[in-house]
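Undergrad: Questions regarding the structure given below will be posed in turn.
Read-outs throughout are calculated quantities, based only on the coordinates presented, and are distinct from any laboratory measurement. For clarity, every value in this text was computed on a predicted model and none was experimentally measured. Methodologically, a virtual Cβ is constructed for each residue, glycine included, from the backbone with ideal geometry; neighbour enumeration extends over all protein chains shown.
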Amino acid sequence: MFKIKHLLILSFTIVILSVSGCKSRFEKLRLSNDVGKKYQEGIRLYNKKDYSKALILFEGLAQKYRGTAEAEDLNYYYAFTLYRLKDYTTARFKFKEFADTYPNSKNAEECRYYGAYCFYLDSPASSLDQENTYKAIDALQLFINFYPKSERAGQAAQYIATLRDRLETKAFDNAKLYYDLGGYDISYYKSAVVALKNAQVEFPDIKYAEEMNLLIVKSQYMYAKNSFAIRQEDRFNEVLAYYNEFIEAYPNSKYAKEANQLKEDSQSGIINAKKILAEDAAALAKYDAFNKKSEKKKDTTNKIEIKTP
């Protein structure tokens, strides 16, 4: 029993010493001035997929190899090490730097592509700010412009389509948000109409086009319905105009029943608004007539009072 326990302790000690020795050798190399050996070890570690250690060596060598023949390969591995570690923000900068510095390199196309792809990987979900999405589209399009016949150009075009779809979803969701907020302030219904129309200008082939056009009709209807009667006729007429555009564009739309109901409700809204305004005008006229009659009676009373001694 004692021997087994002793052997286990000895084995554990050997493993610890072995690990410590490896670490010590790496640290010793990292602190040395042997740049050639560091470079070779960095490549070896990269090929072993030990990217964290490879990065430490490549970072230390970047300045020392500047302007040398080996700098091209070093910067290539440096960029891909960052990429493998999923530091896409730094990697895309390094890939672009490589492509700009070595435009005639056999690796320039690959680095230009991966620089754009890093932007794609950093593009957020449609619910978040889309600044990186626009940058990714620009970078991918630039790659296609540089290398239109590249095998990667087709893949870049697919990524652009995916990103544009994300932007379309963001635009549609923003417009729907305005519509949802209309219950708190009717001005949001008008903002929804503007946002929807702007989205259609920016994305003429947007996949949500039919639903967006219906939402324009609905938004304008809610805006008109919740307006003062004096504004309703004009605003309901705008609903009818948007309805006509919708039916003309989508005569067999699955939303036709809902659109037709909005049309009928708008027509009824116009009639009702006119009725309210007519009643208000009649009431106002009656009120004015009553006031004039009271004023006349008052004047007569005053005259009689003057004649009284």
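Undergrad: Quick one: what do you get for region 33-122 if you divide its Cα Rg by 2.2 N^0.38 Å? Don't skip to the end; give the middle numbers.
TA: Details: Rg = 12.4 Å, N = 90, 2.2 N^0.38 = 12.2 Å.
This ratio for region 33-122 stands at 1.02.
Undergrad: To the nearest 0.05, what FRET efficiency results for Asn47 and Asp180 with a Förster distance of 51 Å applied to their C-beta separation?
TA: On the way: r = 54 Å, r/R0 = 1.06.
In this case the efficiency is close to 0.40.
Undergrad: A further question follows. Rounding to the nearest 20 debye, state how big the charge dipole of region 121-178 is about its Cα centre with +1 on each Lys and Arg Cβ and -1 on each Asp and Glu Cβ.
TA: Details: 7 positive and 8 negative charges, 31 e Å.
Dipole size: approximately 140 debye.
Undergrad: Ranking request for peptides 70-79, 102-111: highest mean number of other beta-carbon atoms within 10 Å first, then the rest in descending order.
TA: Values: 70-79: 20.1, 102-111: 15.7.
Highest-to-lowest ranking by the protection proxy: 70-79, 102-111.
Undergrad: Further, regarding this structure: I need the peptides 207-220, 244-257 ranked by packing, meaning the mean over residues of other C-beta atoms within 10 angstrom, with the highest value on top. Spell out each step's value before the answer.
TA: On the way: 207-220: 21.1, 244-257: 13.0.
Highest to lowest by the protection proxy: 207-220, 244-257.
Undergrad: Sort Val35, Val239 so that the residue with the fewest other Cβ atoms within 10 Å of its own Cβ comes first and the one with the most comes last.
TA: On the way: Val35 16, Val239 26.
Sorted ascending by nearby Cβ count, the order is Val35, Val239.
Undergrad: For region 90-215, what number of Lys pairs, 8 or more residues apart or on separate chains, have alpha-carbon atoms under 26 Å from each other?
TA: Eligible lysine pairs with Cα atoms under 26 Å apart amount to 21.
Undergrad: Placing +1 at every Lys and Arg Cβ and -1 at every Asp and Glu Cβ, with all other atoms neutral, what dipole size does region 33-122 have around its Cα centre, in debye to the nearest 20? Kindly include the intermediate steps, with their values, before the conclusion.
TA: On the way: 15 positive and 13 negative charges, 49 e Å.
In debye, rounded to 20, region 33-122 gives about 240.
Undergrad: Please compute the contact order of region 33-122 in relative form: average sequence separation of alpha-carbon pairs under 8 Å and at least six residues apart, divided by the residue count, as a percent.
TA: On the way: 90 pairs, mean separation 19.7, N = 90.
That works out to 22 percent.
Undergrad: Rounded, prolate or oblate: pick one for region 173-255, where a ≥ b ≥ c are the square roots of the eigenvalues of its C-alpha gyration tensor, a/c under 1.5 means rounded, and failing that, prolate if a/b is larger than b/c, else oblate. Walk me through the numbers on the way to the answer.
TA: Details: a/c = 2.19, a/b = 1.32, b/c = 1.66.
Verdict is oblate for region 173-255.
Undergrad: If you don't mind, there's one more thing I want to ask. Let me see the pair-distance distribution of region 86-129: every alpha carbon pair, 5 Å bin width, integer percents in order.
TA: Going out from 0 Å in 5 Å bins, region 86-129 shows 5, 27, 26, 17, 12, 6, 4, 2, 0 percent.
Undergrad: Which order results if Arg235, Arg164, Arg30 are arranged by neighbouring Cβ count within 10 Å, fewest first? Spell out each step's value before the answer.
TA: Details: Arg235 23, Arg164 16, Arg30 13.
Lowest count first: Arg30, Arg164, Arg235.
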